1. Of all residues in the stretch 1-56, how many are of a type outside the set (A, V, I, L, M, F, W, C), part of a helix (DSSP H, G or I) and at pLDDT below 70?
2. For residues in the stretch 154-167 being among the hydrophobic types (A, V, I, L, M, F, W, C) and buried (at least 17 other Cβ atoms within 10 Å of the Cβ), which is farthest from residue 219 (Cα to Cα)?
3. Please determine whether any residue of the stretch 101-119 is at pLDDT below 90 and closer than 28 Å to residue 213 by Cα.
4. In contact with a Gly (Cβ under 7 Å, 6 or more places away or on another chain) and more than 16 Å from residue 79 (Cα to Cα): is that true of residue 161 in this structure?
5. Pick out the one residue from 180, 208, 176 that is at pLDDT 85 or above and either assigned to a loop (DSSP other than H, G, I, E, B) or surrounded by fewer than 22 Cβ atoms within 10 Å (Cβ to Cβ) (or both).
6. Answer yes or no: is there a residue in the stretch 252-268 that is at pLDDT below 90, buried (at least 19 other Cβ atoms within 10 Å of the Cβ) and within 23 Å of residue 143 (Cβ to Cβ).
7. When you check residue 127 against the structure, is it touching a residue at least 24 places away in the same chain (Cβ under 8 Å), closer than 14 Å to residue 229 by Cβ and crowded, with 18+ Cβ neighbours inside 10 Å, yes or no?
8. Could you list, in sequence order, the residues of the stretch 269-294 that are modelled with pLDDT of 85 or more and not in a loop (DSSP other than H, G, I, E, B)?
Amino acid sequence: MPEYQRIDFRDQIARNKMNSVFLMVVIFIVFVILGYVISFAFEPGLFFVVMIFSIIISLSYILISYYNSGKIAVASVGAKKASRQDYKQYYDLVEGLTIASGLPMPELYIMNSPQINAFASGRDPKHAVICVTDGALEKLDKRELEGVLAHELSHVANYDMKYMTLVAVMVGMISIISEIFLRSLWLRGGDNDKGKGIFILIGILMAILAPIVVYFVQMAISRKREYASDASAVKFTRNPHGLIEALKKIKYDNSSSEKKVTKAIAPLFFANPFKNLSSTHPPLEKRIAILERM
């Protein structure tokens, strides 16, 4: 087999989506095992109450954020709506990509930052927003900007916001159940049941490790979705070179963001806005290497 093998963007999209589903199954398995172990440590009736309580809290918090995700994201970075008159090329490129992808036109925003970056948000294609930084508009040429915008539209087309929301709900439930279980141990009296004591010890270990494990799995899912969006961007533009050159410019761009970006929305960005934190995004070098083989 040759050392340098071409990658079909369709295979890349399918592979990363399949890997994302597999990682999501891993989170579900951790959730089931944690619940099974804790059910033996708790009284069955009490455990049922804890499960219902954790599900309600996790769903309420995440779904409120989900249905307002676009508004929350643009407001959190102080983005302003882009006018067609002032940003004609921006509008023209997005409109061309929506025709190629069959997506409705999203709302377009501008974020004041010298960094080359962008993000997409919104619960579905009809409520999508795309935001680019001043730095991206100033430093990228037309083809490079098209590649970045195609990547962001790919997140919308792939329903990544909905997918990551479902993952966040499951991760949230695991964290809440673990927290309730650990806190409940302080309120428990002595228990002479050795069998139950073993499950309590296992439950403590699971409650400590499970949130850590699913956090890293969640970050791995986020990286897989980035790879899938890179491949989908190639599908929309039929040319990986614009996206490759944009990533190279980001790699050597030393601009620091004047706006504070919270860690909560950092995974939405095209490239991680925090130079020292790369867990939510694949390494730029690896993204470039894969695109160069398409």
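The values are calculated or read from the model by the stated rules, or taken from the named source; none is laboratory data. Predicted model, so just to flag it, every value in this text is computed and none were measured. Here the Cβ positions follow ideal geometry from the backbone for every residue, glycine too, while neighbour counts run over all protein chains shown.
1. Taking the stretch 1-56 as the starting set, the residues that turn out to be of a type outside the set (A, V, I, L, M, F, W, C) are 2-6, 8, 10-12, 15-17, 19-20, 35-36, 39, 43-45, 54.
Adding the requirement that they be part of a helix (DSSP H, G or I) leaves 10-12, 15-17, 19-20, 35-36, 39, 44-45, 54.
Keeping just the survivors that are at pLDDT below 70 gives 44-45, 54.
The qualifying residues number 3.
2. Initial filter on the stretch 154-167 (among the hydrophobic types (A, V, I, L, M, F, W, C)): 156-157, 161, 164, 166-167.
Next cut, buried (at least 17 other Cβ atoms within 10 Å of the Cβ) only: 156-157, 161, 164, 167.
On the way: 156: 19, 157: 20, 161: 14, 164: 10, 167: 10 Å.
Once the filter is applied, the top-ranked residue is 157.
3. Taking every residue of the stretch 101-119 in turn, none turns out to be at pLDDT below 90 and closer than 28 Å to residue 213 by Cα.
4. Numbers: in contact with a Gly (Cβ under 7 Å, 6 or more places away or on another chain): yes; more than 16 Å from residue 79 (Cα to Cα): yes.
Answer is yes for this residue.
5. Values: 180 fails: at pLDDT 85 or above; 176 fails: at pLDDT 85 or above.
Just one listed residue meets the conditions, 208.
6. Within the stretch 252-268, none of the residues are at pLDDT below 90, buried (at least 19 other Cβ atoms within 10 Å of the Cβ) and within 23 Å of residue 143 (Cβ to Cβ).
7. Details: touching a residue at least 24 places away in the same chain (Cβ under 8 Å): yes; closer than 14 Å to residue 229 by Cβ: no; crowded, with 18+ Cβ neighbours inside 10 Å: yes.
Spelling it out, it is not the case that residue 127 is touching a residue at least 24 places away in the same chain (Cβ under 8 Å), closer than 14 Å to residue 229 by Cβ and crowded, with 18+ Cβ neighbours inside 10 Å.
8. 284, 285, 286, 287, 288, 289, 290, 291, 292
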